[in-house]
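> Okay, here's the structure, questions in a sec.
The values are calculated or read from the model by the stated rules, or taken from the named source; none is laboratory data. Predicted model only: the values in this text are computed from it and were never measured. Quick reminder, even Gly has a Cβ in these numbers, built from the backbone with ideal geometry, and neighbours come from all protein chains shown.
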Amino acid sequence: MRSSSFSDDANAVTSNNNDNNDNEEKKRSLRAKIKSRLKTHASREEELRDSEVICEKIMGMRAYREAKTMCVYIAHPKLHEVDCSTLIREALSSTSERRKEEEKKVYVPIVDDRNSNVRFLRIRDLEKDLEKRTMGIMEPTETDWRTNERREDLADLKDDERLDLVITPGLAFDETCKRLGRGGGYYDKFLREGKGREAVKIGLAYDAQIVDGEAEDEAIPLDPWDVVLDVVVSKSRDFYREKVDGE
């Protein structure tokens with residue numbers, strides 16, 4: 001009996017490993033397909049126009065309007081990510097043009113190490129608070145030039161504060177709000193283990209990044225550590241995993 005139990009456990013481990021390997025191969029194949037598609041889907045000017053439309057859609061959402069604290073990425077043109085500049089500038093304007101109760105705290109990512117860790121530091125100015133760092137991506141400076149002190153970290157949020165909204169990049173998304181990243185695992189780890197767990201999670205995509213989850217060669221495999229988003233927004237399509245804050 002004991003020998004049989006050990007054998008069953010070994011078979012289960014082998015099966016799980018095979019499933020993980022199969023998923024990883026499917027992810028690699030889908031990443032290559034979408035990366036190739038993005039190279040020709042639109043000009044940079046068209047991408048920026050589409051990004052404006054997508055940002056306007058986000059700004060009209062209740063989840064954004066009511067957010068006091070939000071995380072949002074800085075897009076890299078070579079990665080063909082939806083550009084969030086319009087959204088970030090609008091959110092930052094709340095700190096100077098609106099009443100105190102309408103202010104938004106805006107945090108942007110900085111890669112901490114190669115173990116899928118990412119921190120989010122607060123910025124107040126899109127042009128002055130960033131510098132070119134990892135892989136040529138613009139990231140917040142560690143030191144705030146205004147005070148010459150350490151920049152405010154999302155981890156420093158007070159006990160009575162919460163993270164309301166996370167705007168995530170990705171390589172591919174489907175209508176069930178599954179997200180395929182680029183393989184680093186940074187966002188999945190943050191959304192699964194960090195302060196992003198309780199926030200509304202919104203993925204931004206060009207239409208070319210929306211895949212057909214019913215098609216065998218476009219279905220996004222879901223591993224136990226992958227996080228499904230709440231909303232996915234592209235220029236022409238919006239997907240909701242479930243009703244989000246009255247949307």
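> Just the residues that are within 11 Å of Val106 (Cα to Cα) and part of a loop (DSSP other than H, G, I, E, B), please, taken from the stretch 58-93.
Ala67, Lys68, Tyr73
> Look through the stretch 61-75, keep the residues that are more than 17 Å from Val231 (Cβ to Cβ) and either loosely packed, with under 15 Cβ neighbours inside 10 Å or more than 14 Å from the chain's Cα centre (by Cα) (or both), and return whichever of them is modelled with the lowest pLDDT.
Lys68
> Ok, one more. Scan Glu66, Glu45 and give me the residue that is without any contact (Cβ under 8 Å) to a residue 12 or more places away in the chain and over 23 Å from Pro140 (Cβ atoms). Working first, answer last.
Values: Glu66 fails: without any contact (Cβ under 8 Å) to a residue 12 or more places away in the chain.
Matching residue, one of Glu66, Glu45: Glu45.
> Continuing with the same structure: Looking only at residues that are among the basic types (Lys, Arg) and either surrounded by fewer than 16 Cβ atoms within 10 Å (Cβ to Cβ) or touching a Ser or Thr at 6+ places or on another chain (Cβ under 6 Å) (or both) in the stretch 20-34, which one is nearest to Trp225 (Cα to Cα)? Break it down stepwise before answering.
Looking only at the stretch 20-34, we keep the residues that are among the basic types (Lys, Arg), and these are 26-28, 31, 33.
When the remaining residues are screened for being either surrounded by fewer than 16 Cβ atoms within 10 Å (Cβ to Cβ) or touching a Ser or Thr at 6+ places or on another chain (Cβ under 6 Å) (or both), the result is 28, 33.
Values: Arg28: 17, Lys33: 23 Å.
This residue is Arg28.
> Against the condition touching a residue at least 12 places away in the same chain (Cβ under 8 Å), more than 23 Å from Phe120 (Cβ to Cβ) and of a type in the set (Asp, Glu), how does Glu214 come out, does it pass? Give the steps one after another, and end with the answer.
Numbers: touching a residue at least 12 places away in the same chain (Cβ under 8 Å): no; more than 23 Å from Phe120 (Cβ to Cβ): yes; of a type in the set (Asp, Glu): yes.
No; evaluated as a whole, the condition is false for this residue.
> Please give the strands (runs of 3 or more DSSP E) falling wholly within the stretch 95-157 in which 1 or more residues are at positive phi and modelled with pLDDT under 95.
Per the criteria, no element qualifies.
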